[in-house]
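The values are calculated or read from the model by the stated rules, or taken from the named source; none is laboratory data. It should be emphasised that the depicted structure is a prediction, and the values quoted were computed from it without experimental measurement. Because the Cβ atoms are built from the backbone with ideal geometry, glycine has one as well, and the counts that use them run over all protein chains shown. Accessible surface areas use protein heavy atoms only, side chains included; no ligands, DNA or RNA. Shrake-Rupley method; radii C 1.70, N 1.55, O 1.52, S 1.80 Å.
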Amino acid sequence: MISNVDDFLIHGCGRCSKGGTLKCNARIYGDVLVQLRRIILECGLTEELKWSHPCYTLNGANILILGAFNGYATLNFVKGVLLNDAESMLVQQTENSQSSRQIKLTHVQQVIDQEALIKVYIFEAIEVEKAGLIVKMKTTEEFDKPEELLTYFKENPAYEKAFNVLTPGRQRGYFLHFSRAKQSKTRLSRIEKSTTKVNAGKGFNER
């Protein structure tokens, strides 16, 4: 179990068997993360460890999260959707990411070359928080529900009851997971396979 950011840079988040090995993404992109960490701290944010990742806050509010994935390291802006993004550097990690946006980096030279620009984004994120701006989140009710799911609800009221007590985030995850399937039979298959996890109160990607 990691307890601080230095541990993260050595062992990663600790959520997989690669932790602490040379195959760990935090090790692979360690030089990138170290430079990003330096830049962030120079901008005056407070460093914490949250969700087993380096998190940078302002008066207790989350501003940035550092991460490393297969193929890149990320500088994740919690309210990134509110940033101007004049240089088109920000990307949406997943369809379910309503608020956060991230900058992906693969080489330490990228960080060095773009340090001034990265700081512009960080300072803008700080100003967004100071201004008290809030992201208007799409409610669970506003997400599209596939017809197959609505039919399944009618035929399986116990499943519908279990689904409705899931957290909004888990419900949205299922809506997206079901809807991504192009064919009706595949959507129905995903719904049927979700029964065990839904009854256990878990999201589709939880073990």
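With all protein chains in place and a 1.4 Å probe, the accessible surface of the chain carries 51 percent carbon and sulfur. The eigenvalues of the Cα gyration tensor, multiplied by 5 and square-rooted, give the stretch 1-56 an equivalent ellipsoid with semi-axes of 20, 13, 6 Å from largest to smallest. Evaluated at q = 0.10, 0.14 Å⁻¹, the base-10 log of the normalised Debye intensity for the chain, with identical point scatterers placed on the Cα atoms, takes the values -0.54, -0.93. In this calculation the C-beta distance from Lys50 to Ala162 is compared with R0 = 25 Å, giving a FRET efficiency of 0.25. Basic side chains Lys and Arg get +1 at the Cβ, acidic Asp and Glu get -1 at the Cβ, and with that the dipole of the stretch 133-176 about its Cα centre reaches some 260 debye. Just the number, please: Stokes-Einstein D of the stretch 121-203 in µm²/s, Kirkwood Rh from C-alpha pairs, 10 °C, 1.306 mPa s. Here the translational diffusion coefficient equals 110 µm²/s. Compactness of the stretch 53-112, taken as the C-alpha radius of gyration over 2.2 N^0.38 Å, stands at 1.12.
The spread of Cα positions in the stretch 35-138, taken along each principal axis and listed from longest to shortest, comes to 35, 30, 30 Å. With protein chains left intact and a 1.4 Å probe, residues in the stretch 1-111 average 49 Å² of accessible area per residue. Along the axis of the charge dipole computed for the chain (Cβ charges of +1 for Lys and Arg, -1 for Asp and Glu, origin at the Cα centre), the listed residues Gln93, Phe143, Val5 are led at the positive end by Phe143. Look at the alpha carbon pairs under 8 Å that are at least 6 residues apart: their mean separation over the length of the chain gives a relative contact order of 14 percent.
Placing +1 on the Cβ of every Lys and Arg and -1 on the Cβ of every Asp and Glu, with no other charges, gives the chain a dipole of roughly 940 debye about its Cα centre. Under 17 Å of direct C-alpha separation, and excluding same-chain neighbours fewer than eight residues apart, Lys138 reaches these lysines: Lys79.
For a label point 7 Å from the Cα of Val34 along Cα→C-beta, name the residues of the stretch 1-25 whose backbone N is under 19 Å from it. What the label zone holds, given the 19 Å backbone N cut-off, is 4-13, 20-25.
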